[in-house]
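Engineer: What follows is a structure written as structure tokens; I'll ask about it next.
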Amino acid sequence: MPTLSKMTCVEDFRMLAQRRVPRMFYDYADSGSWTEGTYRSNETDLQKIKFRQRVAVNIEHRSLRSTLLGEDVAMPVAIAPTGLTGMQHADGEILGAKAAERFGIPFTLSTMSVCSIEDIAAHTSKPFWFQLYVMRDRDFIGRLIDRAKAAGCSALVVTLDLQVLGQRHKDIKNGLSTPPKPTLLNLINLATKPRWCMNMLRTPRRTFGNIVGHAKGVGDLSSLSSWTAEQFDPALNWNDLEWIKKRWGGKIILKGVMDAQDARHAVDSGADALIVSNHGGRQLDGAPSSISALPHIADAVGDQIEVLMDGGIRSGQDVLRAVALGAHGTLVGRAFLYALGAMGEEGVYRCLQLIANELDISMAFCGRTRIQDVDRSILLHPDQFD
Ligand SMILES: Cc1cc2nc3c(=O)[nH]c(=O)nc-3n(C[C@H](O)[C@H](O)[C@H](O)COP(=O)(O)O)c2cc1C
């Protein structure tokens, strides 16, 4: 029986999640679009980056403390928004938000979450970030923004890279749905996940909590799935940010920027931050890895806007690589989901501890004591993505 103290890296959580989470939801997390080339390169490109090890530097007193959009954080990491997180583990978004709050980093709730905005607000005491998908039904989007505001969310993360949907083969083959359809194959698979089933039976939260009861024309689950697929708005453009900004009135983070020219548009739009992200390799297969896009974008915008990055972060060493190449902070998607699916809230907390420890020790090996002092000079080939 695996215990928390025996979990020593993100990969341990991934392997345990694979055993504990029903296949269709594990596959939903652990997959990318089409050939999964971009999904894989997010991780492999990070691995290629080598550090300059330094010795005999006084590294006794160290700190990872930083800020993200002006908020104090224990390390420069936030939890990325992920849809259907409440299917990796019952009440998954609540558990993730609680672990993030205890650890001292921001949690981002997805539009496509199982637990609702109000659920998260009721179970936490610090503000969280809310991620917005811009859908065709602008009344609904306006109301979502108002709900995030009423819940005290401290930033709105507007995702720009889901106007159309990349295809993940496994989701189609598995017939991904929430809750899972009672097909014979699903029932056989569920029978091997008693812990997941028991937890799921105890919670009422089993569908898209932000949408059901709030969007017009969504009655049953079949209308819900067709509604969401039809709702992502291919007409979304930079002008839409005007009314979103106005309605929200708070800090805005633009997510899904992979191009220096788009990054300059993001600055012009008045956003407070952008996230260099290819959606974890789930959208444009053939796009570059996030880490290889990061230095160009960081150079293009300088310090006019906070540059964050996600995609492939599986360790503290990866966080250090991203910070060295110009990220003010990083977000973790799958590392969080694996820990949650494997061991719930305590798994997420432990995973964050592991990442922080890896980051701290690796930073020390590079001869730095403060995360703010990390820059390209800690890398052996800082220009490898030029
Ligand atoms: C299962 C899953 C669901 C996701 N759902 C969303 C979402 O609802 N909204 C969003 O902006 N990004 C979503 N993403 C993308 C993540 O926010 C993030 O960009 C990505 O996971 C980062 O890569 P990583 O998983 O390698 O850390 C999702 C990613 C995964 C793996």
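The numbers here are math on the coordinates, done by the rules we state, and not lab data. All figures in this text were calculated on a predicted structure; none of them were measured in a lab. No Cβ is skipped: glycine too gets one built from the backbone with ideal geometry, and neighbour counts run over all protein chains shown.
Engineer: Mind ordering 194-207, 312-325 by average Cβ neighbours within 10 Å, highest first?
Structural biologist: Values: 194-207: 13.9, 312-325: 26.0.
Highest mean packing first, the order is 312-325, 194-207.
Engineer: Work out the FRET efficiency for Asn239 and Ala56 from their Cβ-Cβ distance, taking R0 = 56 Å, and round it to the nearest 0.05.
Structural biologist: E between Asn239 and Ala56, to the nearest 0.05, is 0.50.
Engineer: So if I place +1 on the C-beta of Lys and Arg and -1 on the C-beta of Asp and Glu, and nothing else carries charge, what would the dipole magnitude of the chain be about its Cα centre? I want it in debye, nearest 20.
Structural biologist: For this selection, approximately 1120 debye.
Engineer: Name the residue, out of Met309, Met343, Met15, whose mean-square fluctuation peaks in a Gaussian network model built on the chain with Cα pairs under 10 Å.
Structural biologist: Met15
Engineer: Still on this structure, I have one more. From the cross-link list Lys126/Lys193; Lys181/Lys216; Lys170/Lys193; Lys149/Lys246, which pairs have alpha carbons spaced over 22 Å apart?
Structural biologist: Correct reply: Lys126/Lys193; Lys181/Lys216.
Engineer: Can you compute the modelled spin-label distance between Leu201 and Lys181, with each label point 7 Å from Cα toward Cβ, in nm?
Structural biologist: 2.4 nm
Engineer: Give me the one-decimal nm value for the distance between modelled label points at Asn357 and Gln384, 7 Å along each residue's Cα-to-Cβ direction.
Structural biologist: Taking the two extended label points, one gets 2.6 nm.
Engineer: Using a Gaussian network for the chain with springs between C-alpha atoms less than 10 Å apart, which of these wobbles most: Asn210, Asn239, Asn278?
Structural biologist: Among Asn210, Asn239, Asn278, the largest mean-square fluctuation in the Gaussian network model of the chain belongs to Asn239.
Engineer: Still on this structure, I have one more. Rounded to the nearest angstrom and ordered from largest down, what semi-axes does the equivalent ellipsoid of the chain get from its C-alpha gyration tensor (root of 5λ)?
Structural biologist: 31, 25, 19
Engineer: Normalise the Cα radius of gyration of region 138-220 by 2.2 N^0.38 Å (N = residues in it) and let me know the number. Let's see the in-between values first.
Structural biologist: Values: Rg = 16.9 Å, N = 83, 2.2 N^0.38 = 11.8 Å.
Cα Rg divided by the expected 2.2 N^0.38 Å: 1.43.
Engineer: If you don't mind, there's one more thing I want to ask. How far apart, in nm, are the 7 Å Cα→Cβ label points at Val164 and Lys48?
Structural biologist: 2.8 nm
Engineer: Here's something else I'd like to know. Normalising by the residue count of the chain, find the relative contact order in percent from Cα pairs under 8 Å and 6+ residues apart.
Structural biologist: That works out to 29 percent.
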